[in-house]
Amino acid sequence: MPRRATLKRLRAPDGCAIDDALVLWFPAPASFTGEDVAELQLTGGTAVVAALLRTLGDIDGLRPAQPGEFARRAFDNGKLDLTQAEGLADLIDAETEAQRRQALRQASGGLKALAEDWHARLLGVLGETEASLDFGEDEEDVSARLVGDQDAQIACLAAEIEAHLGRYRFAERLRRGLTIVLLGAPNAGKSSLVNALAKRDVAIVSPEAGTTRDLIEVHLDLGGVAATLVDTAGLRDNTAGVVEAEGVRRARARADDADLVLFLCAEGKGEDAPPGALVVQSKADLRPSGERGTLRVSAVTGEGLFELETVLIDHARTLTGWGQDATITHERQRSALAGCRDALIEAGGEVDAVLRAESLRLAMRCLGQLTGRVNVEDILDVVFRRFCIGK
Ligand SMILES: Nc1nc2c(ncn2[C@@H]2O[C@H](COP(=O)(O)OP(=O)(O)OP(=O)(O)O)[C@@H](O)[C@H]2O)c(=O)[nH]1
């Protein structure tokens, strides 16, 4: 029965029972892929699944799905556009609340709906531009009025798209998660702080300076924003050997690409901190009268940890445009829309109606690339390869 869960005994062709399973039947087109789909919910267990797969494998024309094949079929059958497919892959990968919300918005067609609205409006302007080509010299007044009207519509569209593009970098950071790199002199207490923030022992702590050599990463949820905190080798110029020197090189390189650098110092005010770094004083328990105006923490007593977490959450939310509900989350989407905006600007500045129509058509093609309506064969593999098997 369509869309009803039914308990059935599954049997091999020779009549041997395989399992008792819940069977769901989704006839086309009301299924995820738009094709006929049967879903079997088995008793968990490797042998049960293996026995069923063996039996199914013997049926002609049946084979296991490739990663992303269900989503690809849904796309081919018009159930999803490309932005929704990207949103769905992000939703599967989402680790934090904010990532989940952003991905769900896209998977449920937030960007698709915008693109469809822009497409419809563009089509309207293009129609008017093409109609104006038919006006004769004696109708110049009407023609000029129409061109003025089109200019306003084109400018309005370009401005709307620009506003969405402006929020891209926030959404992209939220989607991929932030990288926060912890720098500081050897023995500043970096590994201890990483363990305290992660609330578990991930990095080795030792009184010996130069303990951490390679980069150690821990995942944090900063008030809904995913972040990777990277513990690094302590920065010093006279390193004890090539391994430590390489560690220091990696630390600096990673800090250059980080969204935020935390600079931890056990003494002084962090005068050596790179520009833009958030300076934190460590071992607050050992220096009760630390520098004013600087965050002070102790991994031993826990002093200042809550305040540091609050500051990190504030930074994370600012860096990801908290509450802005951005729509463009992937570079692919950004570049298609930037192309659309450029073509619109081109069209707006064009007095010749033929050339104007040409630019408007280009703008529509760019929108088509965003949603996957046109010319995207080469990027489909890239989009759908990200999916896991079974989706
Ligand atoms: N009293 C006190 N000692 C601390 C604190 N944090 C770290 N320590 C001690 O300082 C020493 C160095 O700590 P680590 O966390 O290994 O320092 P690190 O900056 O990671 O050191 P490297 O790996 O050498 O770069 C250890 O003996 C820690 O127990 C703190 O808040 N208070």
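The values are calculated or read from the model by the stated rules, or taken from the named source; none is laboratory data. All of these numbers come straight from a predicted model, not from anything done at the bench. Methodologically, a virtual Cβ is constructed for each residue, glycine included, from the backbone with ideal geometry; neighbour enumeration extends over all protein chains shown.
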With modelled with pLDDT of 95 or more and of a type in the set (Gly, Ala, Ser) as the only criterion, which of 131, 89, 113, 98 stands out? 113
Restricting attention to the range 248-265, and to residues there that are of a type in the set (Gly, Ala, Ser) and touching a Leu at 6+ places or on another chain (Cβ under 8 Å), which single residue is surrounded by the most Cβ atoms within 10 Å (Cβ to Cβ)? 251
Would you be able to say whether some residue in the range 269-279 is among the hydrophobic types (A, V, I, L, M, F, W, C), part of a strand (DSSP E or B), within 15 Å of residue 235 (Cβ to Cβ) and within 16 Å of the ligand (Cβ to nearest atom)? yes
All conditions in (1) in a helix (DSSP H, G or I); (2) modelled with pLDDT under 85; (3) over 20 Å from residue 89 (Cβ atoms) are true of residue 339 except (2)
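Residues checked against (1) more than 14 Å from the ligand (Cβ to nearest atom); (2) of a type in the set (Val, Ile, Thr):
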site	(1), (2)
257	yes, no
261	yes, yes
281	no, no
305	no, no
Residue 87 among the small types (Gly, Ala, Ser), part of a loop (DSSP other than H, G, I, E, B), touching a residue at least 24 places away in the same chain (Cβ under 8 Å) and closer than 22 Å to residue 384 by Cα: no
Could you list, in sequence order, all residues of the range 192-212 that are at pLDDT below 90 and either near the ligand (Cβ under 8 Å from one of its atoms) or of a type in the set (Phe, Trp, Tyr) (or both)? 203, 204, 205, 206, 207, 208, 209, 210, 211, 212
Let me confirm something: among 380, 362, which residue is among the aliphatic types (A, V, I, L, M), surrounded by 14 or more Cβ atoms within 10 Å (Cβ to Cβ), at pLDDT 90 or above and part of a helix (DSSP H, G or I)? 362
Mind checking whether some residue in the range 4-12 is surrounded by fewer than 11 Cβ atoms within 10 Å (Cβ to Cβ), at pLDDT 95 or above and among the aliphatic types (A, V, I, L, M)? yes
In the set 326, 338, 316, 273, the lone residue that is surrounded by 14 or more Cβ atoms within 10 Å (Cβ to Cβ), closer than 21 Å to residue 165 by Cα and touching a strand residue (DSSP E or B) at 6+ places or on another chain (Cβ under 7 Å) is 316
In the range 216-237, anything surrounded by 23 or more Cβ atoms within 10 Å (Cβ to Cβ) and part of a loop (DSSP other than H, G, I, E, B) is listed as 232, 233, 234
Quick one: is residue 373 of a type in the set (Lys, Arg), assigned by TED's automatic domain parsing to the domain that holds residue 109 and either under 21 Å from the mean Cα position of the chain (by Cα) or part of a helix (DSSP H, G or I) (or both)? no
